1. Among A:138-146, A:20-28, A:162-170, B:83-91, how do they line up from the highest to the lowest mean number of other beta-carbon atoms within 10 Å?
2. Per-residue HN-Hα couplings for segment B:182-198, Karplus 6.51 cos²θ - 1.76 cosθ + 1.60 at θ = phi - 60°, whole Hz, x for Gly and Pro?
3. Cα axis of helix B:66-79 to longest principal axis of chain B: angle in degrees, 0 to 90, nearest 10?
4. Quick one: divide the alpha-carbon radius of gyration of segment B:89-217 by 2.2 N^0.38 Å and tell me what you get.
5. Per-residue Cβ counts within 10 Å, from other chains only, averaged over B:192-199: what number is that?
6. Quick one: net charge of A:TRP201's neighbours, Cβ under 14 Å, K/R +1, D/E -1?
7. Averaged over its residues, how many other protein chain Cβ atoms are within 10 Å of peptide B:13-19's Cβ atoms?
8. Considering only A:LEU5, A:ALA308, A:ILE266, whose Cα is most displaced toward the positive end of the charge dipole of chain A, charges sitting on Cβ of Lys, Arg (+1) and Asp, Glu (-1)?
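Just so it is clear, none of the values below were taken in a lab; they were calculated from the coordinates. Computed from a predicted model, the values in this text were never measured in an experiment. Cβ sites come from the backbone with ideal geometry, for glycine too, and all protein chains shown count toward neighbours.
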Amino acid sequence: MIEVLTTGAANSIQDLGRNGRFDIGVSRSGAMDRLSLMIGNALLGNELNAAGLEIAIFPFRLRFDQPARFAVTGAEGAVTLAGRPLPPRWAASAAEGETLVIAPPDKGARVYITFAGGIDVEPVLGSRATDLKSGYGGLEGRGLKRGDRLAVSPKPPMRAFGAALDPLAALDFANPLPIRAVPAAEHSVFSADARKLFSRWSWRVTQEADRMGYRLEGPELKLERRLELMSHGILPGTIQVPPSGKPIIQLADANTCGGYPKIATIIEADLWIVGQAGPESRFLFTEVTPDEANAALRRQRLEIDALARTVEVARSLAG
Amino acid sequence: MREPITISFSGGSALLLQSNSSRFDEQFQKRIWSLASDLQAAPGFTETVPGMNNILALFNPDEIAPEQARKELTERWAKAQPLPRRGKTVEIPVVYGGQNGEDFKPWARHCGLAPLEAAQRHAAGTYQVAAIGAMPGFPYLSGLDPALAIARRSTPRLAVPVGSVIVGGAQAAVMPQTSPSGWHIIGRTNIALFDPHRDEPSTLAPGDIVRFTIEDVWL
């Protein structure tokens, strides 16, 4: 078992999310930065979909009541185990009674803690992800609180090691983050000015940014003509433009249907960047084709697969 | 029967097929159901989200290239015949008005009806589930008496309680969970519309018939 000592209610158990029940209104949920969760799982030889902790409120502290293996990935900041600092993207062993402390990150917004064997909670609708909005999955459908105890597999110690795969290295949060998006259904109904602004403006993430969605601040995006849309299915990454003209990015816990005009959909391969961008970050959107979107995702998968294989070889060499 | 449609990409692995009209059409919706059922067996397609006169079709780009998926969807739509779906009938008992139906009287007044009459007309209707979505188990119901329609509130409420019987625009619905909503609350039911731990989590499915019955009216 591990015991949560310090947390915020927005910290939760997440895996890669629920698929297959969008048709009855079930959101995908899952990690906001799926890439970092997968890296954390790959480091431990887990299935990439194993459940870990998504930490967005800091500091976070937990105590190991048993020996276990874990990894810390995602946002970078001070991480200590029993007072000893751990480098970023590092997998290590904890002894019984040791405390892991995650300080507010210097770079990025969300830290992932994964455990060898994953966190053992009952899957709901095929996933262990917490749906905070609808109140199921994870631990009783809620965020973590002090005193929560979570079941992880007991594991003997291993030599600590790190991941060479470092997606965050390419991100400069002092400048607009490049995000790729595929033009969506109503893209052509926006005014020529609006379409130009969409891909040239440096959009600021407002304080209204959570697992459901991010509101962006920037110039008003106007439509050429009034549109009355009926409710339709939307996916995480959809950029809607409500009558205010200010875009909203729909994310992991978003509703499965919406009625606002959509200018673009952020590609799956770049959604992790959104997950690591907190309020005041800025986005610069680049339009890409569906083929480019899929090629980017395939490259990402190859990188994760390569990491998983390296870990396997390293572990067999280490004995 | 060749209503103008638009097909567009929602990212790299989903297509949205939608009617160009902004008026809900029952025949069109029956073709949407038919397409959704056809796509279940279509190679490369993984999931569908039928909406109101539209459908979002998810595909696996490792199995079917985006342009091929678009072509496939276009062809299957052309062949989709209205599916004469009439599902189960579900009765939903409603307590109209009172503390749990705070918009009941203003809504009746807006419709130019006495409160009791408004409740009776709401309960006299035969509604059909057009789609489930937005939140788990939320039914988009067609069949609201046009005289009972009311524009949505200009400011949505942050928490409309589970079980609230609501109207918004020309649509009727019931809240499956407590959530923000801009629809008007006319009553309350005890029927649970969603339970993630049941074999079939959603009480209602597209094509189902819904009848509201009057349990009580607070005048």
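1. A:20-28, A:138-146, A:162-170, B:83-91
2. x, 7, 8, 8, 9, x, 9, 10, 9, 5, 7, 8, 8, 9, x, 8, 7
3. 70 degrees
4. 0.96
5. 3
6. +3
7. Partner Cβ neighbours, averaged per residue: 5.
8. A:LEU5
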